[in-house]
There are 4 protein chains.
Amino acid sequence: MIKDSLRAQVIETPSWAYGNSGTRFKVFAQRGVPRDPFEKLADAAQVHAFTGVAPQVALHIPWDRVDDYAALAGHASGLGVRIGAINSNVFQDDDYMLGSVTNPDAKVRAKALEHLLDCVDIMDATGSDTLKLWFSDGINYPGQDDLRARQDRLAEALDRVYGRLGEGQRFLLEYKLFEPAFYATDVPDWGTAYAHCLRLGPKAQVVVDTGHHAPGTNIEFIVAFLLREGKLGGFDFNSRFYADDDLMAGAADPFQLFRIMFEVIGGGGFTEDVAFMLDQCHNIEPKIAGQIRSVMNVQEATAKALLVDREALAAAQAAGDVLGANAVVMDAYNTDVRPLLAEIRTEAGLDPDPMAAYARSGYFEKIAEERVGGTQAGWGA
Amino acid sequence: MIKDSLRAQVIETPSWAYGNSGTRFKVFAQRGVPRDPFEKLADAAQVHAFTGVAPQVALHIPWDRVDDYAALAGHASGLGVRIGAINSNVFQDDDYMLGSVTNPDAKVRAKALEHLLDCVDIMDATGSDTLKLWFSDGINYPGQDDLRARQDRLAEALDRVYGRLGEGQRFLLEYKLFEPAFYATDVPDWGTAYAHCLRLGPKAQVVVDTGHHAPGTNIEFIVAFLLREGKLGGFDFNSRFYADDDLMAGAADPFQLFRIMFEVIGGGGFTEDVAFMLDQCHNIEPKIAGQIRSVMNVQEATAKALLVDREALAAAQAAGDVLGANAVVMDAYNTDVRPLLAEIRTEAGLDPDPMAAYARSGYFEKIAEERVGGTQAGWGA
Amino acid sequence: MIKDSLRAQVIETPSWAYGNSGTRFKVFAQRGVPRDPFEKLADAAQVHAFTGVAPQVALHIPWDRVDDYAALAGHASGLGVRIGAINSNVFQDDDYMLGSVTNPDAKVRAKALEHLLDCVDIMDATGSDTLKLWFSDGINYPGQDDLRARQDRLAEALDRVYGRLGEGQRFLLEYKLFEPAFYATDVPDWGTAYAHCLRLGPKAQVVVDTGHHAPGTNIEFIVAFLLREGKLGGFDFNSRFYADDDLMAGAADPFQLFRIMFEVIGGGGFTEDVAFMLDQCHNIEPKIAGQIRSVMNVQEATAKALLVDREALAAAQAAGDVLGANAVVMDAYNTDVRPLLAEIRTEAGLDPDPMAAYARSGYFEKIAEERVGGTQAGWGA
Amino acid sequence: MIKDSLRAQVIETPSWAYGNSGTRFKVFAQRGVPRDPFEKLADAAQVHAFTGVAPQVALHIPWDRVDDYAALAGHASGLGVRIGAINSNVFQDDDYMLGSVTNPDAKVRAKALEHLLDCVDIMDATGSDTLKLWFSDGINYPGQDDLRARQDRLAEALDRVYGRLGEGQRFLLEYKLFEPAFYATDVPDWGTAYAHCLRLGPKAQVVVDTGHHAPGTNIEFIVAFLLREGKLGGFDFNSRFYADDDLMAGAADPFQLFRIMFEVIGGGGFTEDVAFMLDQCHNIEPKIAGQIRSVMNVQEATAKALLVDREALAAAQAAGDVLGANAVVMDAYNTDVRPLLAEIRTEAGLDPDPMAAYARSGYFEKIAEERVGGTQAGWGA
């Protein structure tokens, strides 16, 4: 049942999407931005309130560091949401200029590892079952450091973190083509992440960030391949025209998002534990509304992918009918699924138009007025 | 005479390369970073002192705003350097979130234009003859603003600035594929910059930043084409593996830098007023040493390009001798020109090895010790 | 009226799409492929018969060389179609190995020019008003030939062709990033084509082939810019994931095609003489069906672009409402326009489903049976 | 000893580089092109005669099919060369339009597998120890076939071929981003090739073709990673500015080739069995001279990489000295190694300048005169 699948889908939003963000040129400040993790959760709860499918919120450590994580989890619960993945951050400290877990300096590596293990403690405290590992580690110039030695150091750190994981916990290893490292990144592609995870075992999986690939990369192929290998742990959804632009999911290439969801469904990603997470920045658009729109975009792509007539498709593929097989897929894509999603929302007691309902709610005006003073949350806060 | 050309080459360094810089993920702080425009000039003077070819320093307004520009110019003069291009900055103010001169809001446009005209005043005050215009303007989402209306607004602002230029002054219009705008940038390619400059007249020229192109773009073709049209105003040199990485010139693709200089020389760029400027960020490497190395890289590429046997090349080209013509160019590229440059330095009373001489000078240790307290200069400071 | 615009749209198909084509690795032969220009026109007429919007057929010279062009035009007329653009071909002759109009050898240049002028004769004979100029000219190795000298030679040839154009005739200059030249192409981007056309005058315009750009290039920006300058002559539609893949228009990135049509409409491209031409290869899919599908894809993108609520959009843009403005555009894109197009077809006496109707017609079975023997048309035939 | 390493290096040339080749637009015919595998070997022997490091010649089946492979191997031996890798070809037959080993049609898959097993027979007959597997398999349109099912079929074929390999034999699996498949290629990246090879065992390794990556891919990282995993089987060297341009190795980006060789040496690639093979097309340059030049380019990159002061480099890396470490690498790259290589050649009794010596030899004039009539070898011949 298409409706059942859509109702069951969980789309996790990231705490950092509610704070200010920007490019290296400028972080534009917006009104009403949260000043602490509790306010971020409150904003995330709005996204869930209007869409009904965003009950999980990812944390970023140390940005979301609090004294009492159980209290934070309780606060979330009171808002109708729960803590999702714990995202480690070993890139915003002067010590990490030349790398964190792959740094040539053993002291820096030890510090970074310590942080990763702390994140598992936070998982224990919050009940989160997923640790997301992204390393900005890499080098800017040929020769700056030894590529192979850095892999050895990376493997060592991953071993330690893997060994610390408890029952029912896993980590997702993220890869990224470039930025902030410009010559060589230590986990630049899915193959590198896959090789490390394969060696470690079932608690290590790959996370696909849709903005982290070279131009021309077929992301849905990677998705299909990792699912076949049992190594797809989840997604960091966002969209991009050029590099890691971190625009709203589905905004730059909605057809690509549809093709990804088509492979997820075909590969059994809905029955396995594939996490659908957003990871994006709202540099110029309002934060909460931007998240609602992104969630809806993922839903629409999913709905279209669920509509594909798999039986007709298989028949056309088996017959070598190039145009026929493609047409089956395009028929689903060209369908306007917004009425279907509106219906599902109405049936669930939600407003059929989350964007309009949120706008009418006055929540933005309220926080814009209330949240003055204090340090507004941004990258690093 | 190859030596004469190398001795005559002027490579301009940018004041902002001496301050802290970084990516959106982190700006790593370095020791000894200047705290005001005067200290930046002092650092730039070191680069000139050891290389002998970097007597000009570009300013960035408002980062280098001072009360008395004549005093600043005098200070430069006392250090043996002079003020180069004035770089306008209309991207680091909350008002510019949706654009500066192309903003849909006329008040914001007026403010941006005001700033540009101020920059011409600073040219008058400092004796600079070149205004560099880079606009981060663009949009992140399809439909966000009207692409054509933004061109109209851009044209209007350029008209005003052009009209304000005095005798012997010019502006260079910079283009950039993307970042910080992610869907459409208002001056995304050389064609757009060229079309605007052509309409305006001889005081408007295009500046080529070597990091601002799509993958696969043949930059030296653009150089040759603009020279043929009399519209190449200068370069912002830096290097990149992926996007606008802003690494040291010549570090990522020294062969490309050589090919660019080869076209510059062939197209008469040495006799016309083509400015050789560096525009790069030293995120992880020491600032002054990084500039010295960059200057030397440009010199080496220039020396190799000057070595090309143009007569033999023309003969091979006329004969349709593909391998022969390519070999003439590669022979020059494969030559080790470091001894030649060392000789030129020695003849000029400089140390033949600028990097070693600078390291021995103790300048870095001195500023690292002295420059504590105050706000260290970074992007925006 | 949206329906009127859709009814008035003319989508030109290329004669070469009906013959065999392939990659450098293999040209796969298909059944029923035409053996001469007359059979190609017959196939093109099928596309028009089922879609009602493809009455023009582009020719490629010398592939479509016949003794009597008036007879060919008459044959087209009898089939309900007419001759569209004349496409010159100066790349399939051993003499052109090092270039055609930019060849260092004056004799080769003269031969190429002769061919171009012949094409204008064919325009006269067939009543075609458009000459399409694509030059594969370029070099594979740095130094192989002089980039600037090649521009001089190109300009000379274009001058001659321009001077030969009669009343009501124009040429469209095509640009392409790379292939078959791999180091430098003589007309690699829109800026180069634009500069040459600008110098020549109103009968010279730029044609945008949607597969001829570097990764990350914003094609609709180019469209908007050229329309603003009065220099957009038309499109060669096709789609691509990587390079110049020449897949069916709208197949790889339907959102991009929509954005292009959105700019065409906004820029007045429907009232000016912008040609909508297909230029693609059906390497593995059936030729005629592939063209029908492509025509429909262009129609669907056009219909969606026409649906954009321009008034609401302008209001949101003026208000700086990023999400609101984007939503207006996305609302149109997310609409299923197939019912609207089916209605228009039915009103015009056509089958609402061209693909199904063509399949039922038995035309393919007929030509597959009849067209045996003779040389099947392919690239170069 | 650097000289010993350079003397020991073996660079294999491909039989198909001696025949005509081209792009989809045109194959330009050259004079003196071989008409059968025996003549190809004769040409390859010339490359070895003048460089002294190219004693192996790769075959392509069926292009180099002969009745008696032992006789062919004997012919090679008489010319002073030997048979290198056997390259399978399952892309030039109409049956493979929708794939070979991944085709939805089991009959086509069986045919393709048969061919691969034949190639192992040819290895047995010629004494070749390496089978190179490149599959052009993939799809052009989303939905055209099932991505995961195609992996299953691929795995099945690889299993069969792996099982057929004898003692001392291996296969190298090649990956390629795109072309001739344009939407999804079945082995698009090193990760896919690696995963299949890992499952199979030590006789399966990955081959890196330097032209088969997305823009911005760091190839030397892949090299270092595969060496660390013991899965780098060899290289197909060529160079490219854009896509799979197949230009002469080292011509487009000599610095990249140097960086690759730097990782090969650091990763122990010289002591393990890493094959240095050329795989390129000479579309416009003379074939034999083009191969000689390519071999020399690989030698020069190797010599520079061997010159890197590994001790100084390790010290700078350990100290976090970004500029110092990079300088060690650049010092080697900037060295002119041509005198060193000339010396080695002279010591070996060869002419120090292979290009000039070959030109003087009159071999080209001889074959141009003799090889008239017959079918000249080209792709598919």
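Rule-based calculations on the coordinates, nothing more; no lab input. Predicted, not measured: the structure shown is a model, and the values here were computed from it. All Cβ positions, glycine included, derive from the backbone under ideal geometry; neighbour counts span all protein chains shown.
List the number of the failed condition for C:P188; all other conditions in (1) outside any helix (DSSP H, G or I); (2) touching a strand residue (DSSP E or B) at 6+ places or on another chain (Cβ under 9 Å); (3) more than 7 Å from every other protein chain (Cβ to nearest Cβ) hold.
The number of the failed condition is (3).
Among the residues of the stretch D:219-231, are any touching a Gly at 6+ places or on another chain (Cβ under 6 Å) and either within 12 Å of chain A (Cβ to nearest Cβ) or of a type outside the set (A, V, I, L, M) (or both)?
Looking for residues that are touching a Gly at 6+ places or on another chain (Cβ under 6 Å) and either within 12 Å of chain A (Cβ to nearest Cβ) or of a type outside the set (A, V, I, L, M) (or both), one finds at least one in the stretch D:219-231, hence yes.
Looking only at residues that are more than 13 Å from chain B (Cβ to nearest Cβ) and in a loop (DSSP other than H, G, I, E, B) in the stretch D:271-288, which one is surrounded by the fewest Cβ atoms within 10 Å (Cβ to Cβ)?
Of all residues in the stretch D:271-288, those more than 13 Å from chain B (Cβ to nearest Cβ) come to D:271-281.
Remaining after also requiring in a loop (DSSP other than H, G, I, E, B): D:271-274, D:279-281.
Values: D:T271: 8, D:E272: 13, D:D273: 12, D:V274: 21, D:D279: 28, D:Q280: 28, D:C281: 25.
Filtering the stretch D:271-288 for residues that are more than 13 Å from chain B (Cβ to nearest Cβ) and in a loop (DSSP other than H, G, I, E, B), the one surrounded by the fewest Cβ atoms within 10 Å (Cβ to Cβ) comes out as D:T271.
Do you know which residues across the stretch A:241-253 are within 7 Å of another protein chain (Cβ to nearest Cβ) and over 16 Å from A:I292 (Cα atoms)?
Step one: filter the stretch A:241-253 for residues within 7 Å of another protein chain (Cβ to nearest Cβ), giving A:241-243, A:245, A:247, A:251, A:253.
Within the stretch A:241-253, A:F241, A:Y242, A:A243, A:D245, A:D253 meet the criteria.
Tell me the residue from C:S136, C:S128 that is assigned to a loop (DSSP other than H, G, I, E, B), within 28 Å of D:I284 (Cα to Cα) and more than 13 Å from chain B (Cβ to nearest Cβ), please.
C:S136
Look at B:D129 and say whether it is among the charged types (D, E, K, R), farther than 30 Å from B:D68 by Cβ and out of contact with any Leu (no Cβ under 7 Å at 6 or more places or on another chain). I'd like the intermediate steps shown before the answer.
Numbers: among the charged types (D, E, K, R): yes; farther than 30 Å from B:D68 by Cβ: no; out of contact with any Leu (no Cβ under 7 Å at 6 or more places or on another chain): yes.
Criteria not met by B:D129.
Just checking, how many residues over the stretch A:298-318 are more than 9 Å from every other protein chain (Cβ to nearest Cβ) and touching a residue at least 40 places away in the same chain (Cβ under 8 Å)?
Step one: list which residues in the stretch A:298-318 are more than 9 Å from every other protein chain (Cβ to nearest Cβ), which gives A:298-299, A:301-307, A:309-312, A:315.
Right, trim to touching a residue at least 40 places away in the same chain (Cβ under 8 Å) and you get A:298-299, A:301-307, A:310.
Number of matching residues: 10.
Quick check on my filter: what residues within the stretch A:66-85 are without any contact (Cβ under 8 Å) to a residue 24 or more places away in the chain and of a type outside the set (S, T, N, Q)?
Initial filter on the stretch A:66-85 (without any contact (Cβ under 8 Å) to a residue 24 or more places away in the chain): A:67-68, A:71, A:74, A:77-78.
A:D67, A:D68, A:A71, A:G74, A:G78, listed by residue number.
Can you say whether A:D64 is farther than 27 Å from A:G168 by Cβ, crowded, with 21+ Cβ neighbours inside 10 Å, away from every other protein chain (no Cβ under 14 Å) and under 20 Å from the mean Cα position of the chain (by Cα), as far as the supplied structure shows? Spell out the reasoning first.
Details: farther than 27 Å from A:G168 by Cβ: no; crowded, with 21+ Cβ neighbours inside 10 Å: yes; away from every other protein chain (no Cβ under 14 Å): yes; under 20 Å from the mean Cα position of the chain (by Cα): yes.
The answer is no for A:D64.
Kindly indicate which of B:D321, B:D336, B:D351 is within 14 Å of chain C (Cβ to nearest Cβ) and either charged (D, E, K, R) or buried (at least 23 other Cβ atoms within 10 Å of the Cβ) (or both).
Working: B:D336 fails: within 14 Å of chain C (Cβ to nearest Cβ); B:D351 fails: within 14 Å of chain C (Cβ to nearest Cβ).
Of the residues listed, the single one that is within 14 Å of chain C (Cβ to nearest Cβ) and either charged (D, E, K, R) or buried (at least 23 other Cβ atoms within 10 Å of the Cβ) (or both) is B:D321.
Mind checking which residues of the stretch C:76-112 are over 17 Å from C:E156 (Cα atoms), under 22 Å from the mean Cα position of the chain (by Cα) and not polar (S, T, N, Q)?
C:A76, C:L79, C:G80, C:V81, C:R82, C:I83, C:G84, C:A85, C:I86, C:F91
Could you please find all residues in the stretch A:223-240 being under 16 Å from the mean Cα position of the chain (by Cα) and hydrophobic (A, V, I, L, M, F, W, C)?
Result: A:V223, A:L232, A:F235, A:F237.
Can you pull out the residues in the stretch B:123-160 that are closer than 21 Å to B:A275 by Cβ, buried (at least 24 other Cβ atoms within 10 Å of the Cβ) and among the β-branched types (V, I, T)?
Answer for the stretch B:123-160, where residues must be closer than 21 Å to B:A275 by Cβ, buried (at least 24 other Cβ atoms within 10 Å of the Cβ) and among the β-branched types (V, I, T): just B:T130.
Which pairs have Cβ atoms under 7 Å, sit 6 or more apart or on different chains, and link a residue in the stretch A:260-286 that is at positive phi to one that is surrounded by fewer than 24 Cβ atoms within 10 Å (Cβ to Cβ)?
A:G268/A:L227
Look at the stretch C:191-214 and say how many of its residues are polar (S, T, N, Q) and in a loop (DSSP other than H, G, I, E, B).
Filtering the stretch C:191-214 for residues polar (S, T, N, Q) gives C:192, C:205, C:210.
If we keep only those that are in a loop (DSSP other than H, G, I, E, B) too, we end up with C:210.
Residues that pass the stated criteria total 1.
Go over the candidates A:A303, A:A275, A:A243 one by one and state the one that is among the aliphatic types (A, V, I, L, M) and within 17 Å of A:V337 (Cβ to Cβ).
A:A303
Restricting to the stretch D:161-185, name every residue that is at the interface with chain A (Cβ under 10 Å from one of its Cβ atoms) and either surrounded by fewer than 19 Cβ atoms within 10 Å (Cβ to Cβ) or in a strand (DSSP E or B) (or both).
D:A184, D:T185
List the pairs whose first member sits in the stretch A:86-109 and is free of Cβ contacts under 8 Å to residues at least 40 places away in the same chain, whose second member is in a helix (DSSP H, G or I) and of a type in the set (V, I, T), and whose Cβ atoms are under 7 Å apart, counting only residues at least 6 apart or on separate chains?
From residues that are free of Cβ contacts under 8 Å to residues at least 40 places away in the same chain, the pairs are A:D95/A:V108; A:S100/A:V108.
Go through the stretch B:215-261 and count every residue that is in a loop (DSSP other than H, G, I, E, B), hydrophobic (A, V, I, L, M, F, W, C) and farther than 18 Å from B:H282 by Cα.
Filtering the stretch B:215-261 down to residues in a loop (DSSP other than H, G, I, E, B) leaves B:215-218, B:229-231, B:238, B:240-246, B:248-253.
Add one more test, that the residue is hydrophobic (A, V, I, L, M, F, W, C), and what stays is B:241, B:243, B:248-249, B:251-252.
Still in the list and also farther than 18 Å from B:H282 by Cα: none.
Of the residues in the stretch B:215-261, 0 are in a loop (DSSP other than H, G, I, E, B), hydrophobic (A, V, I, L, M, F, W, C) and farther than 18 Å from B:H282 by Cα.
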